Amino acid sequence: MSEHTTLTWEDVAHRYGRKIYTFAYRLTGNPDDAADLVQEVLLRVRKGLASYTPGSFEGWLWRITRNAFLDGIRKKKRRPTVPLPEGDFSALGASPSPDEVLASVRLSDDVQAALVKLPYDFREAVVMCDVVGLTYEEIAEATDVPIGTVRSRIHRGRSMLRDLLTWPV
């Protein structure tokens, strides 16, 4: 993949920005958090692009996204959250941005809500496979786990999703 060694940061932002946003939105379940995550990922890509060595570029990119997401979770655990001021619902009535529309096209609200309830490892595997469209090999490389573990996480994650989405009648 020598073509990726000549990619500029702008190329990455242009070519992969929507994919990164979609992945970020599925992990966070929130458009604002997803946008923040995309910014962090692109900053990390800018810093790391010079030292990128040829391999699976998308795997490298998703590893950065995943690490940024996990770092964000760790920071939130260390920092107490402050509730929004009463009546600050400006975002609720606003028109969705094109990226939000794009991110919501493929999954219904029910599926997104269920997806966010999955344990992180399973959510990550299902998102990478079913939303982002990475191969099992790319997922294994991005998450640094054996391919058998990837298959297991996808299978169990899909099963958990089905259980969350199937209500007893």
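The values are calculated or read from the model by the stated rules, or taken from the named source; none is laboratory data. Source: prediction; values computed, not measured. Here Cβ is always computed from backbone atoms with ideal geometry, including for glycine, and neighbour counts include all displayed protein chains.
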Worksheet item: Can you pull out the residues in the range 11-28 that are among the small types (Gly, Ala, Ser) and more than 14 Å from LEU70 (Cα to Cα)?
Response: ALA13, GLY17
Practice prompt. Might you check whether a residue that is crowded, with 21+ Cβ neighbours inside 10 Å, under 23 Å from GLU137 (Cα atoms), touching a helix residue (DSSP H, G or I) at 6+ places or on another chain (Cβ under 8 Å) and at pLDDT 80 or above occurs anywhere in the range 35-44?
Written response: yes
Worksheet item: Within the range 68-80, is there a residue that is of a type in the set (A, V, I, L, M, F, W, C), part of a helix (DSSP H, G or I) and modelled with pLDDT of 85 or more?
Response: yes
Worksheet, complete the sentence: When (1) free of Cβ contacts under 8 Å to residues at least 12 places away in the same chain; (2) of a type outside the set (Val, Ile, Thr); (3) crowded, with 18+ Cβ neighbours inside 10 Å; (4) farther than 16 Å from GLU58 by Cβ are applied to PHE122, the one that fails is (1)
Worksheet item: From the list VAL145, VAL127, which residue is assigned to a helix (DSSP H, G or I) and either among the hydrophobic types (A, V, I, L, M, F, W, C) or in contact with a Pro (Cβ under 7 Å, 6 or more places away or on another chain) (or both)?
Response: VAL127
Fill in: Residue among THR135, THR149 that alone is farther than 23 Å from VAL38 by Cα and either of a type in the set (A, V, I, L, M, F, W, C) or at pLDDT 80 or above (or both)
THR149
